[in-house]
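Asks: One structure, pasted below without further comment.
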Amino acid sequence: MRKNKFRFIVGFVVLAAAGACVWLFVQTAYIVPVLMYHSIDHNDKITKLSVSPESFARQMEFLHKHHYNVIPLEKAAPYIAKKERPPLKTIAITFDDGFENNYTEAYPVLKKYNIPATIFVIIEKIGSPGFLNWAQIKEMSDSGIITIGSHTKTHFWLLESKDSFLKSEVADSKDIIEGKIGKKVNVFCYPMGSFDSRSKKAVEDAGYVCAVATSPLKANPEDVFTIRRAKISRSSDNLLVFWGEISRLYTWFKRQGTETE
Ligand SMILES: [Zn+2]
């Protein structure tokens, strides 16, 4: 009798686990994990957002060695919008703020492995110490490996801002970059990852294809104008942690939360 009960419990647990796996698989099917980098340097203790050049090189080598399908961010949008299943191991890579080390440290590694990435630049910062200049931006854009996106003109909080300010930050920044690189700018990044319905609409109206946040607040996971990302930082130095962070399941779990960061 006891044995039967034990078998029943084991059977139930196995079935429940299998059911949970199928459910999670269906839920995560269309997700493309999007990685968020900032500066590639050794200042992780100051910003907590830096990844060392050595660690970054190891992570890119990992993606290359394990045959990840790294796609440009804007190519991830249709999978998310149409809830289509991307090929296994599909991810996208982004960098915020336009640090000069994206050119000196990250770009050579990305070129080496032919890994595409998007860099979000802040117009006001371009050419100032520690940040990319227009020549570097144009060279990377022309390479076909790097997509340039807008991270606004001044990196100012967009919430509850005036219409004219919103337009200047969202639409004018797009025009300025397009004028400099001679290409359409299709991707946008909200400063501090914060958006509301007005700023989101301004991004859509300006003609962007998609936009990234850090936290989705209560956005729909299918919304291509509030794509959430996985923050890659010093804690991702361990490749096992990195591997977990770039998985669909991790991205799905993170999307369930509503906290800001
Ligand atoms: Zn930023």
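Asks: Taking θ = phi - 60°, what integer Hz values does the Karplus form 6.51 cos²θ - 1.76 cosθ + 1.60 yield along the range 158-167, in sequence order, with x for Gly and Pro?
Replies: 8, 5, 6, 8, 5, 4, 5, 5, 4, 5
Asks: Now a separate question. How do Lys48, Lys89 rank when sorted from fewest to most other Cβ atoms within 10 Å of their own Cβ?
Replies: Lys48, Lys89
Asks: If one takes the longest principal axis of the Cα atoms in the chain, at what angle in degrees, from 0 to 90 and to the nearest 10, does the Cα axis of helix 53-65 lie?
Replies: 60
Asks: Using a Gaussian network model of the chain with C-alpha springs under 10 Å, which one of His155, His67, His38 is most mobile by mean-square fluctuation?
Replies: His67
Asks: Quick one: order Asp142, Asp96 by neighbouring beta-carbon count within 10 Å, fewest to most.
Replies: Listing Asp142, Asp96 from fewest to most nearby Cβ atoms yields Asp142, Asp96.
Asks: Ordered by packing density, taken as the mean number of other Cβ atoms within 10 Å over each peptide's residues, highest first, how do 98-109, 157-168 rank? Don't jump to the answer; show the numbers that get you there.
Replies: Working: 98-109: 20.8, 157-168: 13.9.
Listed from highest to lowest mean packing, they are 98-109, 157-168.
Asks: Amide H neighbours of Ala230 under 5 Å, counting only residues 5+ apart in sequence or on other chains, H built in-plane at 1.01 Å?
Replies: Val34, Leu35, Met36
Asks: For the chain, what is the mean residue ellipticity at 222 nm derived from helices alone (per DSSP H run of n ≥ 4: -39500 (n - 2.57); sum divided by total residues; nearest 500 deg cm²/dmol)?
Replies: Rounded to the nearest 500, it is -12500 deg cm²/dmol.
Asks: Continuing with the same structure: Could you line up Met60, Met192 from fewest to most neighbouring Cβ atoms inside 10 Å?
Replies: Starting with the residue having the fewest Cβ neighbours, the order is Met192, Met60.
Asks: Lys pairs in the range 44-172, Cα-Cα under 25 Å, at least 8 apart or on separate chains: how many?
Replies: 26
Asks: Could you tell me the distance between the Cα centroids of the range 166-205 and the range 115-153, to the nearest Å?
Replies: Their Cα centres are 14 Å away from one another.
Asks: Considering only the chain, what is the antiparallel percent among its DSSP beta bridges, to the nearest 5?
Replies: Details: 1 of 24 bridges.
Approximately 5 percent, going by the DSSP bridge assignments.
All of the numbers you see were taken from the coordinates with simple rules; none came from a lab. Bear in mind that the values here come from a model prediction, so they are computed numbers and not experimental data. Because the Cβ atoms are built from the backbone with ideal geometry, glycine has one as well, and the counts that use them run over all protein chains shown.
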